[in-house]
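The values are calculated or read from the model by the stated rules, or taken from the named source; none is laboratory data. Note that the structure is predicted; figures quoted are calculated from it, not measured. Glycine also receives a Cβ, built like all others from the backbone with ideal geometry; neighbour counts cover every protein chain displayed. Keep in mind that these areas ignore ligands, DNA and RNA; they rest on the heavy atoms of the full protein, side chains included. Shrake-Rupley method; radii C 1.70, N 1.55, O 1.52, S 1.80 Å.
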Amino acid sequence: MRIVPFLASLIITLIFFGLLSSSHPIGGNRIPPLGKFLDPFHGFWQNIETHQGVDAKEISLAGLQKRVTIYHDSLLIPHIFADTDADLYLAQGYVTAMHRLWQMEFQTHAAAGRISEIVGAGKDNAVLNYDRSQRRLGMVYAAQKALEGMMSSSTSKLAVEQYTDGVNQYLKSLSYKDFPFEYKLLDYEPETWTTLKCALLLRSMAQTLNMGDKDIEMTNALTLFGRDAVDLLYPDREKVGEPIVSKPGQWKFDPVVVTSKPLALPDELIKIQQKIPGSDPTTGSNNWAVHGSKTETGSPMLSSDPHLSLSLPSIWFAIQLHTNEVNVMGASLPGAPHVIIGFTDSVAWAVTNAQRDLVDWYKIEFKDAAKNKYLLDGNWVDSKKVTETFALRDGEPYIDTVIYTHWGPVVYDDNFQATDNLKHYAFRWIAHDVSNESQTFYELNRAKNYTDYMKALNHYSGPAQNFAFASVQGDVAMRVQGKFPVRRKQEGKFVLDGTLTTNGWQAFIPNEHNVMEKNPLRGFVSSANQYPADSTYPYYIHASTYEAYRNRRINDVLGKNPRVSIQDVMKLHSDNFNLKAAESLPYFLQSIESISALNNDERKAIEILRTWNYFNEIESEGASYYEAWWDALVPLLWDELRKENTSLSYPTAFHTIFLLKNYPDLSWFDNQATPEKENAQLIVLQAFRESVKQIAKWKEDKKQSKVSWADYKGSYIGHLLRIQALNIPVRHGGNHDIVNAHSRTHGPSWRMVTSLEKTKVKTWATYPGGQSGNPGSPYYDRFLERWTQGRYFELDFMHTLSEETKTKSITFTPLLP
């Protein structure tokens, strides 16, 4: 079990320091009282599970209307059979907490900026600063708006309140010995669950997926280098084809037009000590749905392959929910009701991130140092000050004040991350608006056809997603859904003047104008975070980045296959072809072919690269040499874009390669650190030599004669606490920019293949981890090996429970007064 080596090292450390009786903060982590932690009857030993499955038992619950049966199959997936929605969601909350309680609470603490309550301020106040950034971004404010939306609908209100009740009834059943391992390790107790925590979880996902922007970076680039440089390095639309939906000239609607004066461009440098990270640019996903005319079975097939930062406990929790009105199965988010990605007996759906700019920054002009008023449309209007108290576990409470404006919270000011120009920048984020995504999933979980799918998505605001769809009626579809502002050209690329409301969002794209497609002639729909539509789509589209490689590989493979099978879809999930390398490595090699003064290591590297087949397989050396070359090249090319305390962004990989090939003498390619004037060829050579040195050093450090890709990549799945002893190393192929998009820490989080056959809907799935959140359980990482090998398990989609199954189930009964 994975828990054993960690505990051994932990105990040795405790004994060495003599910390036997009280908790001590060390480096932001807390050491538990050793006697309490090692108590064989109540301590961590109680978290080591040696038996398989879940014991059958009967549990009485308050507020339950009728009997509920929960059968856990051999994979520990719960199948919940209830008579009413109220009982169904109460049971979902209870059962999810049974397996994932600590994960649920820790993630919502992180979203709310409360981690320092558990582990203290951290080294150099790192944990406190993280918490402050979460509060300053208005994460709780965003969750309150989400909860307001949930409460506006009777169905979503019922679901979230019953789910919350279920979690709390499970909590009340616990004593210290039953606490998840992490509570004992950090020596604290779970707190009461609230409906706000469910909303926090959903807004945390919005932060992960839809908080990407480059407004400050673009503003700095414009100020430092001028408009021509910005247009050259950061074009709105790169010269790469294959958007999600391409139907030039066929957008048959009259777009909403915003008529106001053009936006003024900024002319200042914004210096910030450390910008709060937005959405990770390598976080992406793949999905597609193939029409029955192109499948081996003659029925539609749907593929789900969302990519996220991988962690343990696993991101998703597989579950089936069943009443007379709903029968749905798939991946749920621990801490929120419903199935998020899944299938019914009639439809299936999957999501990828829709790359759209849904964040803007506004410069605020306060009247004076008191910051009680700020300028807006020629008037001094009142600001709202929110006092944020951080109950530090290892010290006195820390107090911060966050100022809210018309636009949203002021994130950067003279008290947080400013350097020498103490400006005030407010944050406008779509997730600060009222919305009710829970209603979307309530309706998708009950969908019977394409009409139901379209109606359900009308409630959905964010995080913006590309929803792939397939049904037993034979339809396949894709809809890019979110709440998208109608933007004027260039709006959203730069920091804006916050003194004028005309600089804000004036209107939103109607749902019926969003990008969508049903049953296209090519026989499939697909998305992989690329441009959403062709250039004739009548709305201005902008984002911090768009994907350029995975989508083209997927479309190429699907387009060439006239009869797609289940095995073909699974194989494409694990496709390791490196299209970026195929389009750039020949140019790199050509750039250095005339160089004769090469040492033995360099000649060997060239031979390995020349014979490489462009697949990032586990044992590939060519993949390692290419990645090292690329990693050395980018900072050498864009050395002008690395400035202390000044946020700037590199051009995308696709555009970098385009500029190298088409403009080799570009002045940007001159290395500022040398007296010579370099061009693309010389920089490529410098990067090659540096990469060979890095590979040689890696071999020496690792005592390896071969640089296998899986070893060089060094992938692992980390525990949410970021304790190294709890990380699990993974040998796997793929990388970012590849369909099998597994980089060092990011990758496929829930792979699902569904065949929508009229006689029976069949689904296979795999994911990196397991159903249990307990490191001492055999179900904690049970699926990991299968996931790395591209192997799937068929989901047991049940319609009834046999009498034999019921004898192996947990039964919830109404608690009698």
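Per-structure values
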quantity	calculated
Residue check for N514: in contact with a strand residue (DSSP E or B) (Cβ under 6 Å, 6 or more places away or on another chain), without any contact (Cβ under 8 Å) to a residue 40 or more places away in the chain and over 27 Å from N327 (Cβ atoms)	yes
Flag for E517 being of a type outside the set (S, T, Y), open to solvent by less than 10 Å² (accessible area, probe 1.4 Å) and out of contact with any Cys (no Cβ under 9 Å at 6 or more places or on another chain)	no
Residue check for R114: at pLDDT 95 or above, within 27 Å of Y183 (Cα to Cα) and in contact with an Asp or Glu (Cβ under 6 Å, 6 or more places away or on another chain)	no
Meets criteria (modelled with pLDDT of 95 or more and over 26 Å from M301 (Cβ atoms)) for F467	no
Residue count for the stretch 190-203, restricted to those that are within 11 Å of G335 (Cα to Cα) and in contact (Cβ under 8 Å) with a residue 40 or more places away in the chain	9
Among (1) touching a strand residue (DSSP E or B) at 6+ places or on another chain (Cβ under 8 Å); (2) surrounded by fewer than 18 Cβ atoms within 10 Å (Cβ to Cβ); (3) of a type in the set (A, V, I, L, M), the one test that I618 misses	(1)
Residue within the stretch 222-235 that is open to solvent by less than 30 Å² (accessible area, probe 1.4 Å), of a type in the set (S, T, N, Q), at pLDDT 90 or above and in contact with a Pro (Cβ under 8 Å, 6 or more places away or on another chain) present	no
Any pair with Cβ under 8 angstrom, 6 or more apart, that starts in the stretch 46-75 at a residue that is within 8 Å of I810 (Cβ to Cβ) and basic (K, R) and ends at one that is modelled with pLDDT of 95 or more and surrounded by 14 or more Cβ atoms within 10 Å (Cβ to Cβ)	K57/I810; K57/T811
One residue from E785, E794 being outside the structural domain of A528 (by TED's automatic domain parsing), in contact with a Ser or Thr (Cβ under 8 Å, 6 or more places away or on another chain), within 29 Å of V569 (Cα to Cα) and among the acidic types (D, E)	E794
Residue among A696, A628 that alone is under 28 Å from N576 (Cα atoms), crowded, with 19+ Cβ neighbours inside 10 Å and either without any contact (Cβ under 8 Å) to a residue 24 or more places away in the chain or among the small types (G, A, S) (or both)	A628
Positions within the stretch 593-632 being part of a helix (DSSP H, G or I) and among the hydrophobic types (A, V, I, L, M, F, W, C), in sequence order	A605, I606, I608, L609, A623, A628, W629, W630, A632
Residue match in the stretch 398-405 (condition: assigned to a loop (DSSP other than H, G, I, E, B), open to solvent by 70 Å² or more (accessible area, probe 1.4 Å) and farther than 15 Å from V140 by Cβ)	no
Top-ranked residue in the stretch 152-184 [being closer than 26 Å to L815 by Cβ and hydrophobic (A, V, I, L, M, F, W, C); ranked as most open to solvent (accessible area, probe 1.4 Å)]	L158
Residue count for the stretch 352-369, restricted to those that are of a type outside the set (D, E), under 28 Å from the mean Cα position of the chain (by Cα) and either surrounded by fewer than 23 Cβ atoms within 10 Å (Cβ to Cβ) or over 30 Å from V326 (Cα atoms) (or both)	6
Matching residues, the stretch 788-808, being of a type in the set (A, V, I, L, M, F, W, C) and closer than 20 Å to S755 by Cα	F793, L795, F797, M798
Single unsatisfied condition, I244 versus (1) touching a residue at least 12 places away in the same chain (Cβ under 8 Å); (2) over 21 Å from A533 (Cα atoms); (3) not small (G, A, S)	(2)
Meets criteria (aromatic (F, W, Y) and more than 30 Å from T219 (Cβ to Cβ)) for W380	no
Residue match in the stretch 549-567 (condition: within 25 Å of V684 (Cβ to Cβ), open to solvent by less than 10 Å² (accessible area, probe 1.4 Å) and not in a loop (DSSP other than H, G, I, E, B))	no
Residue in the stretch 305-316 that is among the aromatic types (F, W, Y), over 30 Å from Y650 (Cα atoms), open to solvent by less than 10 Å² (accessible area, probe 1.4 Å) and modelled with pLDDT of 95 or more present	no
Failed item in (1) buried (at least 23 other Cβ atoms within 10 Å of the Cβ); (2) more than 30 Å from L641 (Cβ to Cβ); (3) in the same structural domain as F524 (by TED's automatic domain parsing), with C198 passing the rest	(3)
Criterion violated by L598 - all others in (1) among the aliphatic types (A, V, I, L, M); (2) more than 28 Å from R237 (Cα to Cα); (3) open to solvent by 10 Å² or more (accessible area, probe 1.4 Å); (4) modelled with pLDDT of 95 or more satisfied	(4)
Matching residues in the stretch 415-456 - criterion: being at pLDDT below 95 and of a type in the set (D, E, K, R)	D420, K423
Subset of the stretch 478-500 that is among the hydrophobic types (A, V, I, L, M, F, W, C), within 23 Å of the chain's Cα centre (by Cα) and outside any loop (DSSP other than H, G, I, E, B) - its residue that is farthest from T405 (Cα to Cα)	M478
Count of residues meeting criterion [in contact (Cβ under 8 Å) with a residue 12 or more places away in the chain, of a type outside the set (V, I, T) and more than 24 Å from K697 (Cα to Cα)] in the stretch 708-726	6
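Results for (1) of a type in the set (A, V, I, L, M, F, W, C); (2) farther than 22 Å from H655 by Cα, shown as yes or no for each residue.
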{"site": "G504", "(1), (2)": "no, yes"}
{"site": "A507", "(1), (2)": "yes, yes"}
{"site": "S527", "(1), (2)": "no, no"}
{"site": "A533", "(1), (2)": "yes, no"}
{"site": "T536", "(1), (2)": "no, no"}
{"site": "V557", "(1), (2)": "yes, yes"}
{"site": "H573", "(1), (2)": "no, yes"}
{"site": "L579", "(1), (2)": "yes, no"}
{"site": "L598", "(1), (2)": "yes, yes"}
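This table checks each residue for (1) under 24 Å from N220 (Cβ atoms); (2) hydroxyl-bearing (S, T, Y); (3) in contact with a strand residue (DSSP E or B) (Cβ under 9 Å, 6 or more places away or on another chain).
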| residue | (1), (2), (3) |
| --- | --- |
| W630 | no, no, no |
| L636 | yes, no, no |
| Y650 | yes, yes, no |
| N662 | no, no, no |
| K706 | no, no, no |
| S715 | no, yes, yes |
| R731 | no, no, no |
